[in-house]
Amino acid sequence: MITRRHLVASALAAPAILRFGTGTAHAATTLKISHQFPGGTIDKGDFRDRLVRVFAAEIEKRSGGELKGEVYPNSSLIKTNAQFSAMRKGALDLSLYPLPYAGGELPETNIGLMPGLVSTYDQGLKWKNQPVGKALSDFLADKGIMIITWVWQAGGVASRSKPIVAPEDAKGLKVRGGSREMDMVLQSAGAAVLSVPSNELYAAMQTGACDAGITSSTSLISFRLEEVAKSLTSGAGASYWFMFEPLLMSKAIFDKLPKNQQDIIVAVGSEMEAFGKKGAQDDDIEVAKVYEKAGAKVSALDQATVNKWRDIARDTAWKDYTGKSAAAANLLKLATDVSA
């Protein structure tokens, strides 16, 4: 079991200085872990940063120091959108990465933010052990990527003006959706769309380039969007926006490791899924408190409103995605078989 005492002890261990070293019996393999989110500590800050720090501490402990992890937050090592490609090439070891950000490179990855497809955390996490999870894992492995930790996040909307709750509320506004498919739904609702990673949303909203942004509850907090928003639509009770943000690893790097180290990475990665779920759900509750304190109007989604968004998605985004490739069509079919 992962305990706080173990985590603190591991976090204080000396940093690794060798990568894939073979000069001594104690040489360590140092894995570089990148993400776009604000950095913190193992106990405080964005739960996604804490997740990878806990992961790094635990693989070091279990491997007796043979494996070490160096965490690079804020896209400080590699720019946000370049991280996926870097992992495929073996130039980056791991990243906690919003999968649809890879949609321009591999359209099939947009299954990770298909509006209305996933409606609960349990439904999303069921994917791992269902045919859709195997199909997605196999597809990514063939492209050089491994899923280490399954993480889903519900999302909401921060708006500079009026709340965006129902589809008709988006008409005439410039909105960041987070994926090509979400953008299609927004356009069908009469909105203009802006494609930027969530860590660039603050500047876009501050300058007026973007009227509203849809992103995870955690990003709504971590990127301080309450400072530039007057309204929040919370996804805590129900949401049409669930993003798959897994901890991913370069298959080329993973395959170079001895089996005992591979086993440690897989085991710890799986154990971190409960941490990820709790972190996401806690932030779904916390986000409303943060925005209310900042003076924003907070609105909630109900199932009837979620169904309106899903109906648009089925007629637009789902159909478009299915036509991308046989793999995409299969992934969507298998995903719709997983009940909430």
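The values are calculated or read from the model by the stated rules, or taken from the named source; none is laboratory data. Computed from a predicted structure; not experimentally measured. Because the Cβ atoms are built from the backbone with ideal geometry, glycine has one as well, and the counts that use them run over all protein chains shown. Quick note on the areas: whole protein, heavy atoms, side chains included, nothing else; ligands and nucleic acids left out. Shrake-Rupley method; radii C 1.70, N 1.55, O 1.52, S 1.80 Å.
Counting every Cα pair in the chain, what percent are over 35 Å apart? Don't skip to the answer; put the middle values down first.
Values: 11559 of 57630 pairs.
Pairs farther apart than 35 Å: 20 percent.
Using Cα atoms only, what is the angle between the long axis of helix 47-62 and the major principal axis of the chain, expressed in degrees (0 to 90) to the nearest 10?
20 degrees
How far is helix 259-293 tilted off the main Cα axis of the chain, in degrees rounded to 10, range 0 to 90?
30 degrees
Stretched out fully, how many nm does the piece from T120 to E168 gain, at 0.36 nm a residue minus the Cα gap?
Numbers: separation 48, 0.36 × 48 = 17.28 nm, distance 2.38 nm.
Additional length available on full extension: 14.9 nm.
Taking the highest mean first, how do the peptides 142-155, 53-66 order by number of other beta carbon atoms within 10 angstrom per residue?
142-155, 53-66
Counting heavy atoms of the protein chains only and a 1.4 Å probe, report the per residue accessible area for the chain as a whole number of Å².
On a per-residue basis, 40 Å².
Could you give each residue of the stretch 326-336 its phi-based ³J(HN,Hα) in whole Hz, using Karplus coefficients 6.51, -1.76, 1.60 with θ = phi - 60°, and x for Gly or Pro?
5, 5, 5, 4, 5, 4, 5, 4, 5, 5, 6
Amide H of T215: which non-local residues (sequence gap of 5 or more, or other chain) have their own amide H closer than 5 Å, using H built in the peptide plane?
G156, A158
Around V193, which amide H atoms from residues at least 5 apart in sequence, or from another chain, sit under 5 Å from its own amide H, with H modelled in the peptide plane?
Those qualifying (amide H under 5 Å, at least 5 residues apart or on another chain) are V175.
How high is the relative contact order of the chain, in percent, counting Cα pairs under 8 Å that sit 6 or more residues apart?
Contact order relative to length: 22 percent.
Considering amide H positions built from the backbone, and no H for Pro or chain starts, which residues 5 or more places from V71, or on another chain, come under 5 Å of its amide H?
Here the answer is I33, since their amide H atoms fall under 5 Å of that of V71.
What is the antiparallel percent of DSSP beta bridges lying wholly in the chain, to the nearest 5?
55 percent
Leaving out ligands, DNA and RNA, what percent of the accessible area of the chain is carbon and sulfur, probe 1.4 Å? Spell out each step's value before the answer.
Numbers: 7220 of 13720 Å².
Whole-percent figure for carbon plus sulfur exposure: 53.
Starting with the highest mean, order 179-188, 162-171 by the number of other Cβ atoms within 10 Å, averaged over the residues of each peptide.
Output ranking for 179-188, 162-171: 179-188, 162-171.
Can you list the lysines whose alpha carbon sits under 18 Å from that of K259, skipping same-chain ones fewer than 8 residues off?
Within reach: K61, K68, K251.
Spelling out what I want: for every residue of the stretch 216-231, take phi, set θ = phi - 60°, compute 6.51 cos²θ - 1.76 cosθ + 1.60 (Karplus), and round to whole Hz; glycine and proline get x.
5, 4, 5, 5, 4, 8, 5, 8, 6, 5, 4, 6, 10, 10, 10, 9
How big, on average over all directions, is the shadow cast by the Cα convex hull of the stretch 155-251, in nm²?
Computed as one quarter of the Cα hull surface, the answer is 6.4 nm².
Cut-off under 23 Å on the C-alpha distance; same-chain residues fewer than 8 positions from K174 excluded. Which lysines are left, in chain and number order?
Excluding near neighbours in sequence, the set is K162, K230, K297, K308.
Quick one: what are the phi-derived ³J(HN,Hα) couplings along the stretch 85-92, Karplus 6.51/-1.76/1.60 with θ = phi - 60°, whole Hz, x for glycine and proline?
4, 4, 5, 4, 8, x, 8, 9
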